[in-house]
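First up is the structure itself, then whatever we jot down about it.
Taken together, the values in this text are just the output of simple stated rules run on the coordinates, not laboratory data. None of these values were measured; they are calculated from a predicted model. No Cβ is skipped: glycine too gets one built from the backbone with ideal geometry, and neighbour counts run over all protein chains shown.
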Ligand SMILES: NCc1[nH]cc(CCC(=O)O)c1CC(=O)O
């Protein structure tokens with residue numbers, strides 16, 4: 001048996017996602033293959049500093065740095081991440097492959113069923129993007145820092161610390177927590193409540209020189225990979241830090257009225273008190289050109305110094 005080590009975080013969601021990838025790889029291996037896959041868990045800085053705003057933790061890749069280092073140092077063969085937790089650039093010796101179809105990328109507002117009012121006053125989120133977008137819906141609401149893994153966040157909602165919290169639909173679905181009787185789940189439509197780049201996508205990170213690279217490359221889910229690449233390209237170009245409100249969503253509109261061969265990209269960025277936002281659609285094979293035209297309105301109104 002050849003053991004293939006897969007670096008991952010140790011949270012329940014991270015382990016479920018890693019198991020999804022392992023199952024997929026096992027299905028695709030030819031009979032008689034001698035590969036066996038084993039998760040190797042890492043504790044990242046994002047978890048060690050679990051109660052402060054993410055923007056106050058220094059360095060890149062708060063949830064992925066340690067795992068990527070092990071990958072580049074050949075201590076693990078592969079790594080599995082939530083794409084949205086990755087910095088906009090990964091180590092140049094590695095690439096990200098989307099081998100599992102994207103889960104619903106929406107955010108969800110979750111409220112206890114027994115509350116007095118339909119309008120939440122205190123909303124738990126530590127994400128500047130979610131805060132910016134939810135205040136358009138509930139201008140009077142106050143957003144309070146909420147950190148921790150998904151079950152912890154739901155526990156804090158249950159304990160009455162918040163009137164509502166915002167989570168990714170993908171996480172609560174994969175954990176099977178989307179049907180709890182005591183909560184209302186209000187889906188925030190992703191074409192207006194624009195998700196974080198990569199939300200709902202599981203990224204398999206592999207070194208270009210790994211012997212499984214060509215095998216893995218063949219397994220990508222085309223639409224998901226296109227969305228991942230397009231969203232990450234936009235993220236690199238706007239170079240939003242985690243203290244800025246920014247979202248990007250690339251998708252193929254598949255309602256009959258629209259042309260499903262097209263890739264639609266939407267983004268918004270709230271920077272220095274100004275809102276940049278645009279959407280464009282075109283040929284998915286040319287997403288780099290699309291992203292460039294998309295960001296034209298942004299660069300036209302931004303001086304070169306501001307863009308660096
Ligand atoms: N930052 C935490 C994180 N990273 C990925 C997910 C959900 C799964 C996904 O988006 O694929 C979550 C939880 C959340 O934001 O509610």
Taking every C-alpha to C-alpha distance in the stretch 85-192 and binning by 5 Å from 0, the per-bin percentages run 2, 11, 21, 22, 19, 11, 6, 4, 2, 1, 0
Both in Å, the radius of gyration and Dmax of the C-alpha trace of the chain are 19.6, 61
FRET efficiency (residue 292, residue 28; Cβ distance; R0 25 Å; to 0.05) is 0.10
For the pair residue 244 and residue 215, the simple spin-label estimate (label points 7 Å beyond Cα toward Cβ) gives in nm 4.1
Two pseudo-spin positions, 7 Å from Cα along C-beta at residue 5 and at residue 114, lie apart in nanometres by 4.8
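Kindly provide the helix-only [θ] at 222 nm of the chain, computed as the sum of -39,500 (n - 2.57) over DSSP H runs of four or more divided by all residues, to the nearest 500 deg cm²/dmol? Present the calculation step by step, with values, prior to reporting the outcome.
Values: 11 runs with 93 residues, N = 308.
Result for the chain: -8500 deg cm²/dmol, rounded to the nearest 500.
Report the gain in length on full extension from residue 145 to residue 122: 0.36 nm times residue separation, minus Cα-Cα distance, nm rounded to one decimal.
Result: 7.3 nm gained on full extension.
Note the full-extension length gain between residue 161 and residue 49 as 0.36 nm times their separation in residues minus their Cα-Cα distance, in nm to one decimal. Don't skip to the answer; put the middle values down first.
Numbers: separation 112, 0.36 × 112 = 40.32 nm, distance 2.05 nm.
Length difference between fully extended and current span is 38.3 nm.
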